[in-house]
Every structure is written in structure tokens, then in C-alpha cells.
Amino acid sequence: MTITETGVIRDPMTPLSYIVIAVCLSVVAFVAAMMGIGGGILYTPIQVLFGVDVHEAATTSLTLIMILSVGATFIYRRASMVDFKIAFVFEVFSVMGGFLGGYLSSYVSGDAIIGILIGVLVVASAGMFLKGRGPLGCVAETLPWYVWKRATGSSEYRINMFIAIPLCLLAGTISGMIGVGGGFIKVPMMVLLFAIPADIAIATSGFMVGLTAIGGFAGHLAGGHWNPAMTLILAPGVLAGAMLGAKAMLKIEKEKLRRIFSVLMLLLAVWLAYRFFG
């Protein structure tokens with residue numbers, strides 16, 4: 001028996017432990033796909049609670065996010081709700097940040113990583129409680145060159161790239177460091193700053209988190225943190241949960257999605273703060 005950096009007592013993993021983790025993460029994948037957040041905000045702490053090292057847990061989390069993204073995107077693409085052009089442009093910068101964050105995680109303590117996770121959850125929750133049409137205020141047909149006018153289905157919105165690019169870099173760095181896909185930053189960013197409808201933001205984020213996770217995983221892999229056996233055990237349940245969650249999201253109203261997202265982030269922050277620092 002040993003004690004990890006986060007102060008959690010670590011016992012040898014048993015077959016029952018693997019089963020419980022797999023079931024828990026399948027449920028998480030359902031909710032995560034419905035919210036477009038990847039699920040890493042829970043994948044990592046759940047594994048840590050069962051005694052997995054936080055850096056190894058973060059790496060496994062990133063592989064599961066990639067799997068979730070594939071399953072969710074399959075459903076959302078059929079509903080024509082993913083803005084792929086925005087996703088690819090945003091991810092150029094998010095993947096850069098993801099690799100940097102994943103590599104730098106080797107030099108950050110477990111307690112610091114958990115603290116960062118709690119902080120970003122609180123910020124995401126507070127942001128989604130706010131409601132606005134973004135800071136652009138551009139209603140004219142002639143837009144500045146750095147404002148990108150986009151449309152998905154019947155919804156139109158405008159992206160200020162001077163704001164989007166730095167935020168994507170930041171989201172990627174934080175995501176790679178703590179083993180999450182960055183959806184808890186990107187969904188509020190798209191909804192609040194650029195007035196993208198919540199369902200489109202969630203569907204697009206569900207695709208983006210998988211790409212961001214690639215950069216973070218590469219950084220962790222370079223640090224020697226990956227346990228492929230754990231990934232193989234958890235992957236089937238996460239894929240099934242992701243596809244079911246994506247189908248459920250298509251049936252929920254936009255305003256309810258925003259409120260659910262906000263409350264979920266706050267509850268997670270409180271739970272993590274109590275569990276690790278209480």
C-alpha cells in the first residue's frame with residue numbers, strides 16, 4: 001500500500017476495481033458526449049480515486065476522449081450539427097497547446113494538476129451562467145478581416161479570431177496537462193463569446209475534443225505515462241456511452257443544455273475540492 005501525490009491511498013487493483021471503473025466511465029461518457037466535453041474532467045479523478053497514478057490516469061483519459069469523440073461525432077454528423085471548418089481551424093492551435101501541456105505535466109505535481117482542474121471547472125460553470133451575444137457587436141454586412149462569418153443549418157454566427165486563437169491555445173495547454181479534451185472551455189467560449197447555439201457548440205466541441213486529445217496524448221506518451229491495457233479495458237463502455245449520450249443531446253432544448261452544463265461543472269468542482277483538499 002502506498003500513498004499517491006494527491007494523498008489517495010493506493011492499493012493493488014483488483015478485477016472488481018476494473019469493472020467498477022469501466023461502469024463509472026461508461027456513465028460519464030454518456031453525460032460527456034451529451035455536453036460535448038470529452039469526459040476527461042471525470043475520467044482522470046475517477047481513476048485516481050481507485051489508486052491510479054494521476055499522470056497515468058490523465059494519459060488513459062486522453063485516449064478515452066479520442067474514442068468518445070469518434071462515437072459522438074458519428075451521431076452528430078448524421079444530424080448535420082458539426083461545424084467542421086471551425087473545428088479544424090480551432091484545433092490547429094488547440095493541438096499545439098495540448099502537446100505542450102501534456103509534456104509539461106511531468107514537471108507539475110499531482111496536487112497542482114487537481115487544483116488547475118478545479119479552477120477551470122469553476123470558471124466554466126460561472127461563464128455558462130452568463131448569457132449574452134458575445135463581445136463583437138458586429139451587425140454590418142461588411143466585417144473586419146479577422147471576423148469569420150459562419151452558418152450551420154439555419155443558425156448564423158461570427159467568430160472573432162483575435163479572441164478565438166489565444167483561447168484555443170490556452171484550452172489546449174490546460175487540456176493536455178490535466179488529461180481532458182477542453183470542451184469545458186470551448187463550449188462556453190463558443191456559446192458566450194460568439195453566440196453559437198448550444199447544441200451546435202456541443203456537437204462541434206464533441207468533435208474537437210478528440211483532436212485536442214491527440215496532442216495531449218502525444219505529450220504524455222513522450223513522458224512514458226501510457227498504460228495501454230487500461231485503455232483496452234475501458235474503451236468499449238466509453239464508446240457505447242458516447243453514442244447513446246449524443247443521441248440524447250439531440251432531444252434536449254438549447255437553454256436546458258446550457259443550464260445543465262453549468263450546474264454539472266460546478267458540482268464537479270465542489271466534489272473534487274472536497275475529495276482532494278477537504
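Read-outs throughout are calculated quantities, based only on the coordinates presented, and are distinct from any laboratory measurement. No experiment lies behind these values; they were computed from the predicted model shown. Here Cβ is always computed from backbone atoms with ideal geometry, including for glycine, and neighbour counts include all displayed protein chains.
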For this session: Beta carbons within 10 angstrom, averaged per residue: use that to sort the peptides 243-253, 205-215, highest first.
Result: 205-215, 243-253
Seminar exercise, completed: In degrees rounded to 10, the 0-90 angle between helix 15-35 Cα long axis and the longest Cα principal axis of the chain is 10
Problem set entry | Cα→Cβ-extended label distance, 7 Å offset, between residue 104 and residue 259, nm | 3.8
For this session: For each of 18, 43, count neighbouring Cβ atoms within 10 Å of the residue's Cβ, then give the residues from fewest to most.
Result: 18, 43
Problem set entry | Over the chain - Rg/Rh using Cα atoms and the Kirkwood inverse-distance radius | 0.97
Seminar exercise, completed: Once amide hydrogens are built 1.01 Å from N within the peptide plane, the residues lying 5 or more places from residue 160 or on another chain with amide H under 5 Å from its amide H are 148
For this session: Take peptides 53-59, 231-237, 184-190 and line them up by average Cβ neighbours within 10 Å, highest first, as a rough protection proxy.
Result: 184-190, 53-59, 231-237
Problem set entry | Shape metrics for the stretch 143-242, restricted to C-alpha atoms - Rg then Dmax, Å | 15.9, 51
For this session: Sticking with the crude label model, points 7 Å out along Cα→Cβ, report the distance from residue 123 to residue 27 in nm, one decimal please.
Result: 3.0
Seminar exercise, completed: If amide H atoms are modeled at 1.01 Å from N in the peptide plane, then the residues at a separation of 5 or more from residue 182, or on another chain, having amide H under 5 Å from its own are none
Problem set entry | Alpha carbon Rg of the stretch 144-203, scaled by the compact-globule rule 2.2 N^0.38 Å | 1.16
Exercise. Once both axes come from the Cα atoms, what is the angle between helix 110-129 and the longest principal axis of the chain, in degrees from 0 to 90, rounded to 10?
Worked result: 30
For this session: Scan around residue 196 for amide H atoms under 5 Å from its own, H built in the peptide plane at 1.01 Å from N, and keep only partners 5 or more places away or cross-chain.
Result: 191
